[in-house]
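All of the numbers you see were taken from the coordinates with simple rules; none came from a lab. As the structure is a computational prediction, the values presented were derived from the model and not from experiment. Note that we place each Cβ from the backbone using ideal geometry, even for glycine, and neighbour counts take in every protein chain shown.
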Amino acid sequence: MKRIQYNAYGGPEVMKVSDFDLPPPGHGEVAVKVEFAAINPIDWKLRAGLMKIITGTKFPRAMGMDFSGTISAVGPGVNRLKVGDPVFGLARFKESGAFGQAVITKEAFLTLKPDNVAFDNAACLGTPGVTAWNGLIDKAKLQPGQHVFINGCSGAVGEAAVQIALMHGAVVSGSCSVVDLQRAESFGVQNVYDYRHIQFSSISTRFDVVYDTAATLSVSTGLSMLRKDGIFLDLNPGPGKFIRALFDRRLKPVIGSPRADILDKLAKAASESSFKTRIGRTVSLEDAVQLIGELEHGQKLGGRGVIAME
């Protein structure tokens, strides 16, 4: 089988499509024949070595987190899913591997794909949906009627956050590029601001939750937008922010942590058309290396970059 992998941390030039042997799934794991995979910024950040304290120095290393496909084998202790099940979800963070014809992942990182959701669309749901849910529901404990501001509401995580906030009865405002203002409004964002021409400190409304899905707000700006006891969700955490969060309960750093219960809820919402993402471009595995590099250098697709394995 083939997958995208690299033999050293570095830039786009270290990626290549290579042959590999898929090991048998271990305890609590499943093997999946991948149909489609979706590209996220975390994929090239891992390849660049930004998280090598976690991913280590053993090579070659595989790439890719989000995917959909069909289970081809199950390991001991697997009881929710079985061979032949259509699924979507995430690869293991350290091992990755979604950008390949097959992948091993944890059963808990997958859910059944609804019949009325296509494989390519399902591949796009995992990381954005889980990250949005981790912030809004797990960290902020979002309640009906609360006011939420989503910085970057037209990005993959931003759109997921908008939809999840609306699903939970929140009132949503947000910022995005001018070309996406109408789309954000069509999604249900009540007040939309062009991020290039707005001083966030000048917004008179104060919010129960501010989610910086674009990772461009300073902590001081995010906190200044809150009501008393509001929550600022920071998607670009570092050691300093984690330390500050110990002393300021309004600051909540967010790290995506997939769970079966979250993925099950996302699958149900997708089947009811209340949760979906855009596809901007679909390429073959052979052409995916070039597309990943283009996205890393700032190319905008108006949706997710998707890799078709066949």
Starting from the stretch 45-72, take each residue that is within 19 Å of residue 131 (Cα to Cα) and list its partners that are exposed (fewer than 12 other Cβ atoms within 10 Å of the Cβ), counting only C-beta distances under 8 angstrom and pairs at least six apart or across chains. none
Among (1) within 27 Å of residue 85 (Cβ to Cβ); (2) over 14 Å from the mean Cα position of the chain (by Cα) - the single one residue 122 does not satisfy: (2)
With criteria (1) within 30 Å of residue 112 (Cα to Cα); (2) surrounded by 14 or more Cβ atoms within 10 Å (Cβ to Cβ); (3) within 18 Å of the chain's Cα centre (by Cα), residue 274 comes up short on (2)
When the stretch 237-267 is checked residue by residue, the ones that are touching a residue at least 40 places away in the same chain (Cβ under 8 Å), surrounded by fewer than 17 Cβ atoms within 10 Å (Cβ to Cβ) and not hydroxyl-bearing (Ser, Thr, Tyr) are 255, 259, 260, 264
Does the stretch 209-225 contain at least one residue that is within 21 Å of the chain's Cα centre (by Cα) and of a type in the set (Asp, Glu)? yes
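Here is a check on your reading of the model: is residue 234 touching a Pro at 6+ places or on another chain (Cβ under 7 Å), under 16 Å from residue 137 (Cα atoms), without any contact (Cβ under 8 Å) to a residue 60 or more places away in the chain and not small (Gly, Ala, Ser)? Spell out how you get there, then give the answer.
Details: touching a Pro at 6+ places or on another chain (Cβ under 7 Å): yes; under 16 Å from residue 137 (Cα atoms): yes; without any contact (Cβ under 8 Å) to a residue 60 or more places away in the chain: yes; not small (Gly, Ala, Ser): yes.
So residue 234 passes the test.
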